[in-house]
Amino acid sequence: MKRTNTFEVRPRSESDEALLQGVIDATASFWNELTYACRQRFFDDESIWETDEFRGQYKGQLGAVGVQTVTRKNNAAWNSFFALLERGEDASPPGYWENTDDGRDLRVFVRNDSYEIQWGEYSRVEVPVGQDLKDKYNMGYFERLRLEVRGDPKWSGEQGELEIQYDEVEDTYRAYQPVTIDESELDSPLASEEAALDLGVNNLVACTTTTGEQYLYDGEELFEQFRATTEEIGRLKSKLPPEQDTSRQIRRLYRKRSRRRSHAQKALARDLVERLHDEGIATVYIGDLTGVMEPQPSPEINEKLNHFWAVTQFIDQLRSVCGEYGIQVQEKSETWTSQACPDCGEQAETVRHRETLACSCGLDGHADLTAAETLLRWNTDQQVRPMARPVRFQWDNYEWR
Ligand SMILES: [Zn+2]
């Protein structure tokens, strides 16, 4: 079974960064030249499987293995294309890695047997580069480009091909490492616990579990970024000539905005579900969305939910990751959970003020967490353990920390 470790990598110096960019640029040029040559042959009705002419050309930058890896990736793209054609489907031949509005498509592939990751206090990954680039950056013959790794591996097993992507929007390098793991690693021996989620916009997710864990995913930082981008879009729009309703720059900002959100959503779903899996959670209750607007349905919150956070898209994301981990998702009515006291059950006399919920029984809790806890207590047959101190996660443009 395959799983993917994702982590951030960072060059240790400006010179290392220039070197990494050199590898990335060479990979893109190589991919594009290869693709161009293949497309020419394809449109001339010739066989595309003769790409040896490029081997020498990029070896100095990518190394022999690097050249081979890009070639194989490119061949794989053509094979998929031909397979689609054979099935009579409408398909277009592999394309170029171009400058697009939302940033260039930039990445490096490293074959599974040619990189090494050392995990620990100073995690790092070493990747091979071609001799010409080594010479240019004064690296020794046996030296490799060494990058710092930020984040921990979630999975261990046989390592697959490493892919490092450069995100121009965030100016970060993200690494994706597929690993083949033992099936048995997926069986959680405890998997009988339950959790409930309260979804919102200030806190995107508040979660409580029957094991007594409480998590809060804070949406403030993301929303601030969203708001700033939206304002910038508005400013640019107001400057457009009357006959024009958009521009390249505006389209780029829209894409940047939605790309940032989907990255944060995917990362949140994965971070949360992996925590739940580790806790032995088998079932997750999600309040249906009518509850999100309680106690006062506000157009502003509604707008934020759909426009900023795209909450239904997030739920789909969450369902899919839960499915991957064998966790069942149940939507439950959430009406009143945000007003109810999880300790004594009082609903009418509680006082909700901003982030807190207070009850005459003495409860004074975080409103979103108490809502999640109430939803959990109302739906589970299990005993709920005393709640631990909540853990709050914030988005740092790369992961939830
Ligand atoms: Zn109470």
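Quick notes on this one:
- The angle between the Cα long axis of helix 14-43 and the longest principal axis of the Cα atoms of the chain comes to about 70 degrees, rounded to the nearest 10.
- Taking the DSSP beta bridges with both ends in the chain, the antiparallel portion is around 75 percent.
- A crude spin-label estimate for the pair CYS344 and LEU85, with each label 7 Å from Cα along the Cβ direction, gives 7.5 nm.
- Amide H to amide H distances under 5 Å link GLY219 with ASN203, LEU204, where only residues 5 or more positions off or on other chains count and H is placed in the peptide plane.
- Taking 7 Å steps out from each Cα toward its Cβ at ARG401 and ASN302 produces label points 3.8 nm apart.
- Amide N proximity, the range 141-168 versus GLU126 label position 7 Å along Cα-to-Cβ, cut-off under 16 Å: 141-149
- In the calculated pair-distance distribution of the range 187-394, the portion above 23 angstrom amounts to 48 percent of the Cα-Cα pairs.
- Over 31 Å (Cα to Cα) - which of LYS73/LYS134; LYS73/LYS304; LYS2/LYS304; LYS2/LYS136 fall in this group: LYS73/LYS304; LYS2/LYS304; LYS2/LYS136
- Annotation: aspartates and glutamates with alpha-carbon distance below 13 angstrom to LYS256 (same-chain offsets under eight excluded): ASP101, ASP102, ASP167, GLU168, GLU170, ASP171, GLU232.
- Once the Cβ-Cβ distance of GLU98 and ALA76 is raised to the sixth power relative to R0 = 22 Å, the FRET efficiency obtained is 0.65.
- Linear extension gain, ASP135 paired with ARG251, 0.36 nm per residue minus alpha-carbon span: 37.7 nm
- Length released on extending from LEU236 to GLN118, taking residue separation times 0.36 nm less the Cα-Cα span: 37.8 nm
- For the chain, the C-alpha radius of gyration divided by 2.2 N^0.38 Å, with N the number of residues, is 1.17.
- When you restrict to C-alpha pairs under 8 Å that are six or more residues apart and normalise by the size of the chain, the relative contact order lands at 17 percent.
- FRET efficiency, GLU243 to ALA310 (Cβ-Cβ, R0 41 Å, nearest 0.05): 0.85
- Heavy-atom accessible area ranking, 1.4 Å probe, most first, across ARG39, ARG251: ARG251, ARG39
- Computed FRET value (nearest 0.05) for GLU14 with SER47, which takes r as the C-beta separation and R₀ as 60 Å: 0.85
- Subtracting the Cα-Cα distance of VAL329 and GLU355 from their residue separation scaled by 0.36 nm leaves 6.7 nm.
- Mean Cβ count within 10 Å, highest first, over the residues of peptides 211-217, 315-321, 244-250, 367-373: 367-373, 211-217, 315-321, 244-250
- Comparing HIS366, HIS353, HIS263 in a Gaussian network model of the chain (Cα springs below 10 Å), the most mobile by mean-square fluctuation is HIS353.
The values are calculated or read from the model by the stated rules, or taken from the named source; none is laboratory data. On a predicted model such as this, the values are computed, not experimentally measured, just so you know. Counting neighbours? That spans all protein chains shown, and the Cβs are built from the backbone with ideal geometry, glycine included. Ligands, DNA and RNA are stripped out before the accessible areas are found, and what is left, the full protein with its side chains, is counted by its heavy atoms. Shrake-Rupley method; radii C 1.70, N 1.55, O 1.52, S 1.80 Å.
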